[in-house]
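Remarks on the structure that follows.
Only the coordinates and a few stated rules stand behind these numbers; no lab work does. In this text the structure is predicted, and so the values were computed from the model without any measurement. Cβ atoms come from the backbone with ideal geometry, glycine included; neighbour counts cover every protein chain shown.
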C-alpha cells in the first residue's frame with residue numbers, strides 16, 4: 001500500500017492521529033506495517049498492511065515439478081521448515097496414494113516436533129525481547145543452535161533442510177543422530193524450567209501480558225485462528241489428535257489449553273507445548289523401527305544409488321525422474337497438519353501433468369494476523385507490541 | 001465414508017436446488033454449488049447442529065483458463081466439534097462476481113481479498129475489498145494462468161543498454 005492509499009484510511013475518531021508502525025519497526029518481526037489510529041495512547045483502529053515480502057511462491061510452484069516444489073516450502077515459514085515440508089509431502093502422497101515406511105514416519109514425527117520447539121524458541125526469545133526481557137533471546141538461541149546442528153547433521157543445511165522427500169526421507173538418519181537427539185531430550189526440559197523461572201512469575205512480565213490482547217473462543221474460531229492462540233482461548237483442538245497423520249496416534253501426549261485467551265496464556269500454552277514435544281521425541285527415539293527410510297515406489301522415488309551405478313535401467317529411471325518428474329492422477333487434495341503456529345494446509349490441484357496445476361498454501365499466520373485488530377483495538381499502544389509478539393508471525397509465510 | 005455421505009444427504013435434503021455436482025477423491029468430499037447460492041449454503045453448513053462447520057480453513061481460487069466459467073472459488077471448511085471437512089466449489093466467470101461469505105465466517109475477509117488480488121474475482125458485499133499482497137497500483141492478477149511468470153525482459157550483455165521492456 002502506498003502513501004496515497006494510507007491517506008484513504010478513514011479515521012473513525014475526532015481528535016485522533018494516524019501513525020505507521022512498521023514496516024521497519026523492530027517489533028513487527030519482519031516487514032509488517034500496522035496503521036494505527038490513536039486517541040492519546042489508546043488504539044482506536046488498527047489496520048495491518050502486508051505483502052512487503054511477497055515473492056510469488058504459489059505462482060512459482062505451478063512452474064516446477066512436484067519434487068522441485070519441496071525447497072520452496074522451506075522458504076515460507078523459515079523457522080519451521082520441516083513442518084512445511086511435511087504438510088506439502090503428505091498432500092502429494094495423498095494425491096499419489098502412497099505412504100512413507102514406518103521408519104520415515106517416526107523420523108518425520110521426531111523432527112517436526114523438534115521443529116516445533118525450534119519455532120517456539122525463536123518465538124519466546126524474540127517475544128520476551130520485545131517486552132524488555134533482553135536476556136531471553138540469548139538463552140533461547142543457545143538451545144536453538146543445538147537443534148540447527150541436528151538438522152545440519154541430517155541434511156547438510158541448518159535451516160533450508162528439505163530433508164523430507166516424497167515417499168520418505170532424503171537419506172537415512174546419520175551416525176550419531178540418536179545420541180544427539182537424546183542429549184537434547186535430556187537437557188531441554190531443565191532449560192524450559194530456566195525460562196519459566198525468568199518469566200512465569202516475573203512481575204513486569206505479568207503486567208505486560210496478563211489480560212492483554214484477549215480474544216474469545218467464538219471470535220477466534222470465526223476468524224479462522226488456529227494453533228496455540230486458539231488453544232490459549234480454551235478450544236482444545238489439535239490436528240495431531242483430531243486427524244492424526246504420520247502415526248501421531250501412537251504417541252502419548254497432552255494438548256495444553258488456556259482459559260483467558262490473553263498474551264500470558266499463549267505464553268503458557270507454548271511453553272507447555274515444548275515440554276509435550278520433548279515427550280513425543282523421547283517416545284519416538286525409543287521406537288525407531290528398522291527398515292527402509294523411503295517407500296521404493298518405482299517412477300516416483302529415485303532408485304538406490306548402488307543400483308544406479310550398476311544397472312542401466314535404474315540409471316534411465318533416475319534420469320527420467322530428475323528431468324521429467326512423475327505424473328500423478330488427475331484430482332485435487334487438501335491436507336493439513338498442526339504446525340507450530342497453527343493449521344498448515346496444502347491444496348494441490350493436479351491436471352495429470354508433471355507439474356501441479358495449482359498449489360495453494362493455507363498459511364496459519366495469515367489467518368492469525370487477521371485477528372490482530374480484534375485483539376488490540378481499545379488497548380494501549382504498548383500492548384500492540386505484546387500482541388504482535390504473541391501471535392508469532394512469520395512474514396515469509398504470510399506474504400509468500 | 002459414512003459421515004461424509006450424511007453431510008451430503010443433509011445438504012441435498014435441505015437445499016437440493018443448490019448442489020450442482022458431487023465428487024469424492026481420496027476420501028475428500030467436493031460439492032460444487034451454484035454461484036448465487038453460496039452464502040445460504042455456507043450459512044446452513046455452519047448453523048446446522050449436525051454439521052456445524054464453524055471453521056473456515058481456507059478460501060482460494062483456481063484459474064481454469066479455457067473453460068467456462070473460467071474460475072473456481074474453493075472453500076475448505078472444517079467442523080471442530082464434529083471433526084469433518086468439506087470442500088465447496090463455485091464456478092465464476094470473468095465478468096461475474098460471487099457473494100462474499102464474510103457474513104458467515106469473518107475469517108473469509110483476508111482470504112477473499114487475496115483471491116481478488118491474485119485472480120481479480122470480485123466479491124459482492126465484502127467489507128473492504130482491495131489488494132492485500134500486491135501494491136495498490138499493480139496491473140494484472142499474478143495467479144491467473146495468462147499472467148506471465150516473469151514480466152520483465154531479462155537483462156543480458158546484448159540488451160544491457162536498452163531499458164527493460166515490460167510485456
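Structure summary
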| read-out | value |
| --- | --- |
| Index of the failed condition, residue A:44 passing every other in (1) touching a strand residue (DSSP E or B) at 6+ places or on another chain (Cβ under 6 Å); (2) assigned to a loop (DSSP other than H, G, I, E, B); (3) closer than 30 Å to residue A:381 by Cβ | (2) |
| Residues that are touching a helix residue (DSSP H, G or I) at 6+ places or on another chain (Cβ under 6 Å) and more than 8 Å from chain A (Cβ to nearest Cβ), drawn from the range B:72-85 | B:84 |
| Residue match in the range A:113-132 (condition: in contact with a strand residue (DSSP E or B) (Cβ under 7 Å, 6 or more places away or on another chain) and either over 20 Å from residue A:196 (Cβ atoms) or not in a helix (DSSP H, G or I) (or both)) | no |
| Total residues in the range A:47-74, condition within 13 Å of another protein chain (Cβ to nearest Cβ), touching a helix residue (DSSP H, G or I) at 6+ places or on another chain (Cβ under 8 Å), at negative phi and part of a loop (DSSP other than H, G, I, E, B) | 6 |
| Among the residues listed as B:90, B:101, the single one being buried (at least 22 other Cβ atoms within 10 Å of the Cβ), more than 11 Å from every other protein chain (Cβ to nearest Cβ) and part of a strand (DSSP E or B) | B:90 |
| Condition broken by residue B:65, with the remaining ones in (1) in a loop (DSSP other than H, G, I, E, B); (2) more than 24 Å from residue A:348 (Cβ to Cβ) satisfied | (2) |
| Matching residues, the range A:342-400, being part of a loop (DSSP other than H, G, I, E, B) and either within 12 Å of the chain's Cα centre (by Cα) or more than 30 Å from residue A:301 (Cβ to Cβ) (or both) | A:363, A:370, A:371, A:377, A:378, A:379, A:392, A:393, A:394 |
| Filter pass, residue A:308 being touching a helix residue (DSSP H, G or I) at 6+ places or on another chain (Cβ under 6 Å), within 14 Å of chain B (Cβ to nearest Cβ) and closer than 21 Å to residue A:168 by Cβ | no |
| So residue A:321, is it more than 14 Å from chain B (Cβ to nearest Cβ), out of contact with any strand residue (DSSP E or B) (no Cβ under 6 Å at 6 or more places or on another chain), more than 30 Å from residue B:84 (Cα to Cα) and part of a helix (DSSP H, G or I) | yes |
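Let's see how each residue does on (1) within 14 Å of another protein chain (Cβ to nearest Cβ); (2) in a helix (DSSP H, G or I); (3) under 15 Å from residue A:120 (Cβ atoms):
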residue	(1), (2), (3)
A:181	no, yes, no
A:201	no, no, no
A:208	no, yes, no
A:213	no, no, no
A:234	yes, no, no
A:237	yes, no, no
A:244	yes, no, no
A:257	yes, no, no
A:266	no, yes, yes
